[in-house]
Amino acid sequence: MRVFVTGGAGFIGSHTLVQLLRTNADIMVFDNYSNSSPEALKRVKRLAQSDFSIVEGDMCDPRALASAMQGFKPDAVIHFAGLKAVGESAEKPLDYYRTNIGGSITLLDAMDKVGCKRIVFSSSATVYDPNKPFPFTEDTALCAASTYGRTKQFIEEIIRDWSAATPGSSAAILRYFNPVGAHASGDIGEDPVGIPNNLLPYISRVAHGSLQELQVFGNEYATADGTGARDYIHVEDLASAHIAALEHITSMTGCDTFNIGTGTATTVLEMLRAFEKVTGKPIPYRIVGARAGDVSTTVANVSKAERVLGWKAKYDIDAMCRSIWNWQTRNPRGYEPRG
Ligand code: UD1
């Protein structure tokens, strides 16, 4: 199968590529490296001992996208590319709408031009109305609480409308819960620019000594220990969900949506303890006020992915922490050249 992968150099894209290359797919990656590094793709090639084409280009450039696709003639697209920082999305809403929504429309247009009718789209659990009871099923009401989340919610609707208007098309929308972890090799992983916003990259830098202490955002939530609880999913499990989704869309038409999580919620302090146990490093922390916009708990009902995709997460919290630590210790400066 010929698969066009937007944002393939990113955290989830790179891990998915390694697994996709094992299926003998013919791949073209389209990425502008705005929040990623070409080094990730070099490492993917080395890990998979396999080659693929790379086009450096912007999702908002219709000519670049159309010409890459016309040369490649994909059977399917996996669409990862997009901006993803919740805080930044409040400051630069138009950038987020332009890149995420504009880029997705440009992509669907380019697909139409080459007759490509299959797409797997990276959505997020952040599209759900956080006030609805959990675990969230795919039918839980949507009401994203951030500009970033709204871009995902709107793109989902656009893909549904495109699919309804495109005979023979098939789309899988994957709603990721909290992706964490790294490849078992320690060669690829999450490489946030600057001080991380997300819990696990932050914890791992505290364990490593490059940040002093973790600030725990609130301890008065209705959870086991009062700290926020999330459904953390290992990026390797997330990658295999894309392979399962790709298989699924080759045997159906229409648009199907899936929660991709483990179905288990872990609190901030439980995660911190797991990280300490796995690394043997103490992680200093301080309880501070709740972060604006945070909710008590998000957790997935994953029965649809199990039933329809035949996919189920395999990795537990300890495995997530171990793989992050392996990545962190082997690449203290991420993909930057080591000096
Ligand atoms: C965040 C995004 C979400 C995105 C997801 C990707 C927000 C509001 N939401 O989700 O849209 O899809 O990342 O993984 O940014 N925490 C601390 N101290 C820290 C960092 C986090 O206590 O320094 C806590 C948070 O309060 C939360 C938990 O850790 O309870 C997880 O936080 P985080 O990793 O940022 O993910 P989310 O907020 O769930």
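All of the numbers you see were taken from the coordinates with simple rules; none came from a lab. Note that the structure is a prediction, hence the values are computed from the model and not measured. Please note: Cβ atoms are built from the backbone with ideal geometry, for glycine as well, and neighbour counts cover all protein chains shown.
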Only one of Arg286, Arg273 is of a type in the set (D, E, K, R) and not in a strand (DSSP E or B), namely Arg273
*Please work out if Ser170 is away from the ligand (no atom under 13 Å from the Cβ), touching a helix residue (DSSP H, G or I) at 6+ places or on another chain (Cβ under 7 Å), among the polar types (S, T, N, Q) and more than 23 Å from Ala40 (Cα to Cα).*
yes
Asp139 fails exactly one of (1) over 30 Å from Phe72 (Cα atoms); (2) in contact with a helix residue (DSSP H, G or I) (Cβ under 6 Å, 6 or more places away or on another chain); (3) not in a helix (DSSP H, G or I), namely (2)
So, first residue within 22 Å of Ala229 (Cβ to Cβ) in the range 182-207, second residue away from the ligand (no atom under 13 Å from the Cβ), Cβ within less than 6 Å, six or more apart or across chains; the pairs are Ser204/Gln328; Ala207/Thr279; Ala207/Lys281
Item to complete: For Val235, indicate whether it is aliphatic (A, V, I, L, M) and near the ligand (Cβ under 9 Å from one of its atoms).
Response: no
Restricted to the range 175-216 and to residues being touching a His at 6+ places or on another chain (Cβ under 9 Å) and in a loop (DSSP other than H, G, I, E, B), the residue surrounded by the fewest Cβ atoms within 10 Å (Cβ to Cβ) is His183
Among the residues of the range 291-336, the number that are hydrophobic (A, V, I, L, M, F, W, C) and not in a helix (DSSP H, G or I) is 7
Among helices (runs of 4 or more DSSP H) completely within the range 20-126, the ones holding 1 or more residues that are over 30 Å from Ala141 (Cβ atoms) and more than 20 Å from the chain's Cα centre (by Cα) are 38-48, 62-72, 103-114
Answer yes or no as to whether Asp225 is assigned to a loop (DSSP other than H, G, I, E, B), in contact (Cβ under 8 Å) with a residue 24 or more places away in the chain and touching a strand residue (DSSP E or B) at 6+ places or on another chain (Cβ under 8 Å). yes
